[in-house]
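The values are calculated or read from the model by the stated rules, or taken from the named source; none is laboratory data. Please read all numbers here as calculations on a predicted model, not as lab measurements. All Cβ positions, even for glycine, are placed from backbone atoms using ideal geometry, and neighbour counts span all protein chains on display.
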Amino acid sequence: MMNERLKGKTVVITGATGGLGERMAHLCAASGARLVLLARNKEKLEQITGQIHAQHQSACLPVVLDLSRHEDIAPVFQSILKQTGAIDVLVNNAGYGVFAEAGDVALADLQGMFAVNVVGLIACTKEVIPSMKERRSGHIINISSQAGKIATPKSSVYAATKHAVLGYTNSLRMELSDFGVFVTAVNPGPMATNFFDIADPSGSYVKNVGRFILRADKVAQKIVDAMMTRQREINLPVWMNAGSIAYTLFPGLVERLGKRAFFKK
């Protein structure tokens, strides 16, 4: 399905070389958007850009950017704005997780997750806010996680980063509400992407929750359909979001009843 609101709009997607980011890129291109794709891997970026040109005849600019190198973010976004004239939609999709118990998590992994998932996301967003406010138009979409609503064992640091993303997103939404700029948080549960190559190299978590894993193309379609609308959150799957609501209301009960399931990482 196409989103007519995206025709001629410039959409910037971080973490665009696989999984959810790649699927969103194709859907945006099919809707007539001009794309700017950001990722660390130049070869994969060029490959995906070529596919988008061939399949959709859509303008697509590949930009190499490592979000953990925070000093590179401002000049990259200034260059994008100079080349495109405006950024209509920013999708902060880049991020990763490492599953480990709180006492075992490596300091490098802790710093890395916060550097990319939180500081990198905020730094990218900071670069588009002034122009969106000035134009009184735009949409910032932050990919968070159901882990940002329900923290579970072995994901303490990852969950902390996603709690931070949700807090930032909720504040940002209120700040920009009078400027015609939309802000959406996306909170998916486990999704079939290369995320688990790093988070769960043993494959045990994926094996345990396999039948509940979301398809990236389904999540991507929900996000693209919501672009340039005032949708506050996208929560998938529905049953997991119901669990997060129950957790907000009855945290002790949910922790007690769900303990066995929570330890399946």
Output for Cβ contacts, cut-off 6 Å, separation at least six or different chains, first residue under 19 Å from L121 (Cα atoms) in segment 152-178, second among the aromatic types (F, W, Y), reads T161/F114
If you check A29 against the conditions, is it out of contact with any Asp or Glu (no Cβ under 7 Å at 6 or more places or on another chain), among the aliphatic types (A, V, I, L, M), in a helix (DSSP H, G or I) and at pLDDT 95 or above? yes
Which ones in segment 5-38 are more than 18 Å from T84 (Cα to Cα) and in contact with a Gly (Cβ under 8 Å, 6 or more places away or on another chain)? G15, G21
When segment 80-116 is examined, which residues are found to be charged (D, E, K, R) and farther than 21 Å from A151 by Cβ? K82, D88
Condition check for V89: free of Cβ contacts under 8 Å to residues at least 40 places away in the same chain, of a type in the set (V, I, T), buried (at least 17 other Cβ atoms within 10 Å of the Cβ) and closer than 24 Å to V219 by Cβ: no
Regarding segment 66-79, can at least one residue be identified that is touching a His at 6+ places or on another chain (Cβ under 8 Å), under 24 Å from M191 (Cβ atoms) and not charged (D, E, K, R)? no
Can you tell which of V206, V183 is touching a helix residue (DSSP H, G or I) at 6+ places or on another chain (Cβ under 6 Å), of a type in the set (A, V, I, L, M), modelled with pLDDT of 85 or more and within 22 Å of N117 (Cβ to Cβ)? V183
So, of the residues in segment 7-25 that are over 18 Å from P188 (Cβ atoms) and either of a type in the set (S, T, Y) or surrounded by fewer than 24 Cβ atoms within 10 Å (Cβ to Cβ) (or both), which turns out to be modelled with the lowest pLDDT? T17
Is segment 42-56 home to any residue that is surrounded by fewer than 22 Cβ atoms within 10 Å (Cβ to Cβ), out of contact with any Gly (no Cβ under 7 Å at 6 or more places or on another chain) and outside any helix (DSSP H, G or I)? no
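Among the residues that make up segment 117-132, is at least one of them over 25 Å from D72 (Cβ atoms), assigned to a helix (DSSP H, G or I), of a type outside the set (S, T, Y) and in contact with a Leu (Cβ under 6 Å, 6 or more places away or on another chain)?
no
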Taking segment 128-175 on its own, how many of its residues are crowded, with 20+ Cβ neighbours inside 10 Å and either of a type in the set (G, A, S) or closer than 27 Å to D66 by Cβ (or both)? 22
Note on segment 57-72: residues without any contact (Cβ under 8 Å) to a residue 24 or more places away in the chain and either crowded, with 16+ Cβ neighbours inside 10 Å or outside any helix (DSSP H, G or I) (or both) are Q57, R69
Restricting to segment 112-156, count the residues that are among the charged types (D, E, K, R) and within 18 Å of L38 (Cα to Cα). 2
Flag if V105 is within 15 Å of T161 (Cα to Cα), in contact with a Phe, Trp or Tyr (Cβ under 8 Å, 6 or more places away or on another chain) and not acidic (D, E): no
For P75, indicate whether it is outside any loop (DSSP other than H, G, I, E, B), touching a strand residue (DSSP E or B) at 6+ places or on another chain (Cβ under 8 Å) and not hydrophobic (A, V, I, L, M, F, W, C). no
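Suppose we keep only residues that are free of Cβ contacts under 8 Å to residues at least 60 places away in the same chain and not aliphatic (A, V, I, L, M) within segment 98-119. Which one would you say is surrounded by the fewest Cβ atoms within 10 Å (Cβ to Cβ)?
The selected residue is G103.
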